[in-house]
Every structure is written in structure tokens, then in C-alpha cells.
1. Which residue, 30, 11, 131, tops the fluctuation ranking in a GNM of the chain built on C-alpha contacts under 10 Å?
2. Please compute the net charge surrounding residue 74, taking Lys and Arg as +1 and Asp and Glu as -1 over other residues with Cβ under 15 Å from its Cβ.
3. Mind listing the Cα extents of segment 30-157 along all three principal axes, in Å, largest one first?
4. Roughly how many nanometres apart are two label points built 7 Å out from the Cα toward the Cβ at residue 135 and residue 164?
5. Which value in Å is the Kirkwood Rh of the chain over different Cα pairs?
6. From the helices alone, meaning DSSP H stretches of at least four residues, give me the mean residue ellipticity at 222 nm for the chain, per-run term -39500 (n - 2.57), in deg cm²/dmol to the nearest 500.
7. Using a probe of 1.4 angstrom, how much of the accessible area of the chain is carbon and sulfur, in percent?
8. Could you give the accessible area per residue of the chain, probe 1.4 Å, as a whole number in Å²?
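The values are calculated or read from the model by the stated rules, or taken from the named source; none is laboratory data. These figures come from a predicted structure and were not determined experimentally. Counting neighbours? That spans all protein chains shown, and the Cβs are built from the backbone with ideal geometry, glycine included. Please note that ligands, DNA and RNA were not included when accessible areas were found on the heavy atoms of the full protein model with its side chains. Shrake-Rupley method; radii C 1.70, N 1.55, O 1.52, S 1.80 Å.
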Amino acid sequence: MRIVLLGAPGSGKGTQSQRLVERHHIPQISTGDLLRAAVAKGTLLGLQAQEAMAAGRLVADEIVLGMIRERLGESDTREGFILDGFPRNLAQARALDELLRTIGQPLDAVVQLNVDYGELSRRIAGRRTCSDCGRVVNLLTLPAGALEQERCPKTGQPHRLFQRPDDNEATVAQRLRVYDEQTCPLVDYFRGQGLLRSIDAEGDLETVSARLAQALAG
Ligand code: ADP
């Protein structure tokens, strides 16, 4: 299964990808995660990406495409993959098409996760990540006391949560604008290829997972 999850920041691409990884045993390829790892390591690529990410702009296509080419060349992608946060503009989508044609692995589906603008802003405001295990939680939707009971699988201690630097209000507004202007056109692009499926991505995690499974089965 080779799929793309398409959706605005906060639409749940990362969370739903992780669930698909568990169910289908294929890797999640998140350009955001790959870029954040490069920034954390302080590589040249990370330094080049950092400024755009902090400002909520897209990182240059050649950087992102280089990372994707390398990642799709790894052997764990042979049985399929989930692209999360890529492609994000038409140039990236066309380059992906060409790359997948070259390696003889065309996409099976592109699923669009639809979430209303107000809900996106709310989800992003509550989003926190554990600096040890990377788990992403939402303070606004977690049942009371749930987090206190949980232990980080890496440290055995309570999670150490931080807010992503680009999850502040000004940067989020810019990321949502970029999504509208550059990523939304991909909906028509993939519809034209007969690959597009759309789901309502509001509601609890289980409900959205079930809709996603249904969209992929159909
Ligand atoms: P979100 O989907 O919540 O915005 P991501 O983790 O996917 O978060 O992306 C974070 C940032 O990383 C983006 O705002 C952008 O700067 C950069 N980025 C991620 N994927 C891409 C991409 N495919 N092309 C260009 N920049 C990207």
C-alpha cells in the first residue's frame, strides 16, 4: 500500500499515520519529522531548513526532494509507505510522480483529511511532544488525569512535554496560509489522477481511524 495523507497542519496526518504503521507494517515518511531530525542534529541541511520552518514557510523543494529520494531508496519501503506532509506543492507532486514511475511504485491512494479551520487552530494550540519518546499528545482532548498515569516508554518517568517552536500563533497562521495557497491545489491534481479520497477528520481518534480504513478499503 503506497499512500499519501493530505491535510492541513493539525489535521491528524501524523497520528493517523502512526496507526497505519501499526496496522499495515509499512513505514511512515514524514518530511516534517525528517527535517526536525536534521535541525536537531545540526546538519547543513538542517541549518538550511531551520529558518523557513520557524517562519512557517515551505522548505526549498530540492532539500525536501533529496530527502524523499533517499528515504524511498531504503529497503523497508518495498512493501509500501505512508507519505505524511509530502508532497506539499505542485512541483513536489510532479517530482514524486516521476520518481515513483522510475522505481515502478505508483501511488494507490491519496486521502484528504478534512478539518475545519477553527478546530485546526485549537488542536495545534494544545499539541505537545515528549522530548524522550516523541509521542504527540493533545492537552485539550486528553481525558483528565490520563497523562499523569502514563509513563514514557524510554525513561519510565512521566513524559517531558514541549511545544513545537512553530506551533505558536503567528507561525500557525502562516502555515495555514501556505497550506491554502500551495497545498490545496493538490486536491484537484490527485482527483484528476483518480487517486483522491476525502474523509471527515473531525471527531475522536477511533472514529477518524475507522473512516480512514474505510476510505482505503474502498
Ligand atoms: P504540519 O503538517 O503540522 O505543518 P510538519 O511537521 O509536516 O507539520 O511540517 C513542519 C514544517 O516543516 C513545515 O511548516 C515546513 O516548513 C516544513 N516541511 C515539512 N514538509 C515539507 C515539504 N514537503 N516541503 C517543504 N517544507 C516542508
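1. 131
2. On the way: positive: 2, 69, 71, 78; negative: 33, 70, 76, 79.
Here the count lands on 0.
3. 50, 34, 33 Å, listed from the longest principal axis down.
4. A separation of 1.9 nm, rounded to one decimal place.
5. Details: mean 1/r = 0.0554 Å⁻¹.
Computed over the chain, the radius equals 18.0 Å.
6. Working: 10 runs with 104 residues, N = 218.
Counting only the DSSP helices, I get -14000 deg cm²/dmol.
7. Details: 5740 of 11350 Å².
C and S atoms contribute 51 percent here.
8. Working: 11350 Å² over 218 residues.
The answer is 52 Å² per residue.
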